[in-house]
Every structure is written in C-alpha cells, then in structure tokens.
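S.K.: So that we are looking at the same thing, I have put the structure below in structure tokens.
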Amino acid sequence: MFLLLRPLRLLLRAMVLDSTPRQMSLGFAAGVAIGLVPRGNLLALTLAVLLAATRLNLGIAALGALLAALIGSQFDAQFDQLGWMILSRPELAEMWQWLYSQPLVPWTSFNNSIVMGSFVAGLALFLPLHFATKPLFERYACSLSAYGKRSWLVRFISGAEMADRLGSV
C-alpha cells in the first residue's frame, strides 16, 4: 500500500504544499514554454529534463504545458511564419549550417519552422508569464496550500501511508 500511495502523496506535495509563489509562477511559465514546442524531438525532451532538474513546481508546470499544448496548436501558422523568418535570415545561415553538422543537434528539429517559431515564442513569453502569474500565486498560494492540507484526500493519503509504515514495524 505504501508504494502505491507514495507517488500520489509526492504529487500532492508538489502541487500545493511545498512551493513558494515564485516557484509556482516560474514553473507555470516554463511549462507553457515547453508546451508550445511540438513533441517528438530532442528539444522538447531537453526542455522537460531541464525543468525536472530544477526546484520549480512540476505540478503547475504540467498544468501550464497542458494548457499551452491545447491552445498552442491553434497558432501553428504564426509559429511557422516566425520560425521561417528566423531560419531564413542570411546572416544566420552559416550558424544554422554549423549547428546542423553537430552530432545531436539535428534531432532537436530546430530546422523545422514551426518548432523554431514555437520555441522562440515560448522563450519570449517566459518572463511576461512569470511576472503576470506571480501576483496570482502570491495571493492564492497560501489559501490553496491551506485547502490542500485540510483536504480529505491529502489527510487520507498521509494517514494511510503513516498507518502502513506503523503496521510494517
């Protein structure tokens, strides 16, 4: 029972209990940046691994990535135009050729105009999203954390895990 409840308990802690508003807002902004990039390439995987290696709120980041993935596909035409504008710059042609000749870089699909445009859009939205959501998380994080601690689900999972630990002694 302990092994089944522990991941759920860790997810609940990551969502509301152990994060500061700054970690939550940065996690949301990073999640949106990752969610905009199409999956199936090394760039999306690298961004996800970088996110997991930080102390940002992974639950809020997953929510941001989900929202961005749902909404971002509506903007593929704009991402394509932005990516094409960046990739077709004559002064950057030598750099793109050099990057493409590197061992792992072609797997990032940076030469795909939609991938490049969505990546640049995600980077451009990162700081504005962080500064826009930080006051929201500052205002609601304490009440969300208190609600989470009072929630019957959190108390049930914490109590069941504690009972399982005591029962195995």
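The values are calculated or read from the model by the stated rules, or taken from the named source; none is laboratory data. Quick caveat: nothing in here was measured; it's all calculated off a predicted structure. No Cβ is skipped: glycine too gets one built from the backbone with ideal geometry, and neighbour counts run over all protein chains shown.
S.K.: Quick one: would you say E161 is farther than 30 Å from L67 by Cα, at pLDDT below 95 and not hydrophobic (A, V, I, L, M, F, W, C)?
M.R.: Numbers: farther than 30 Å from L67 by Cα: yes; at pLDDT below 95: yes; not hydrophobic (A, V, I, L, M, F, W, C): yes.
So E161 passes the test.
S.K.: Check whether at least one residue in the stretch 124-144 is acidic (D, E), more than 13 Å from F79 (Cα to Cα) and either surrounded by 15 or more Cβ atoms within 10 Å (Cβ to Cβ) or modelled with pLDDT of 90 or more (or both), and report yes or no. Spell out the reasoning first.
M.R.: Let us first name the residues in the stretch 124-144 that are acidic (D, E), namely 138.
Pick out the ones that are also more than 13 Å from F79 (Cα to Cα) and you get 138.
Remaining after also requiring either surrounded by 15 or more Cβ atoms within 10 Å (Cβ to Cβ) or modelled with pLDDT of 90 or more (or both): none.
Checked the stretch 124-144: no residue is acidic (D, E), more than 13 Å from F79 (Cα to Cα) and either surrounded by 15 or more Cβ atoms within 10 Å (Cβ to Cβ) or modelled with pLDDT of 90 or more (or both).
S.K.: Look at A30 and say whether it is in a helix (DSSP H, G or I), modelled with pLDDT of 95 or more and either out of contact with any Gly (no Cβ under 6 Å at 6 or more places or on another chain) or not β-branched (V, I, T) (or both). Lay out the reasoning, then the answer.
M.R.: Numbers: in a helix (DSSP H, G or I): yes; modelled with pLDDT of 95 or more: yes; either out of contact with any Gly (no Cβ under 6 Å at 6 or more places or on another chain) or not β-branched (V, I, T) (or both): yes.
Against the criterion (in a helix (DSSP H, G or I), modelled with pLDDT of 95 or more and either out of contact with any Gly (no Cβ under 6 Å at 6 or more places or on another chain) or not β-branched (V, I, T) (or both)), A30 qualifies.
S.K.: When you go through R13, R22, R6 one by one, which is the residue that is modelled with pLDDT of 85 or more, more than 16 Å from V120 (Cα to Cα), surrounded by fewer than 19 Cβ atoms within 10 Å (Cβ to Cβ) and among the basic types (K, R)? Full working, then the answer.
M.R.: Working: R13 fails: modelled with pLDDT of 85 or more; R6 fails: modelled with pLDDT of 85 or more.
Exactly one residue qualifies, and that residue is R22.
S.K.: Restricting attention to the stretch 48-69, does a residue exist that is touching a residue at least 60 places away in the same chain (Cβ under 8 Å) and in a loop (DSSP other than H, G, I, E, B)?
M.R.: no
S.K.: Consider M85 against the criteria (1) without any contact (Cβ under 8 Å) to a residue 60 or more places away in the chain; (2) in contact with a Leu (Cβ under 6 Å, 6 or more places away or on another chain): it satisfies all of them except one. Which criterion is unmet?
M.R.: The single condition M85 does not satisfy is (2).
S.K.: Looking only at residues in the stretch 45-60 that are under 8 Å from the mean Cα position of the chain (by Cα) and modelled with pLDDT under 90, which one is farthest from A141 (Cα to Cα)?
M.R.: L58
S.K.: Would you confirm, using the coordinates I've provided, whether T108 is among the hydroxyl-bearing types (S, T, Y), closer than 21 Å to L26 by Cα and modelled with pLDDT under 95?
M.R.: no
S.K.: I would also like to ask the following. Mind checking which residues of the stretch 82-97 are part of a helix (DSSP H, G or I) and more than 22 Å from P128 (Cα to Cα)? Explain how you work it out, then say what you get.
M.R.: Keep residues of the stretch 82-97 that are part of a helix (DSSP H, G or I), which gives 82-87, 90-97.
Matches in the stretch 82-97: W84, M85, L87, P90, E91, L92, A93, E94, M95, W96, Q97.
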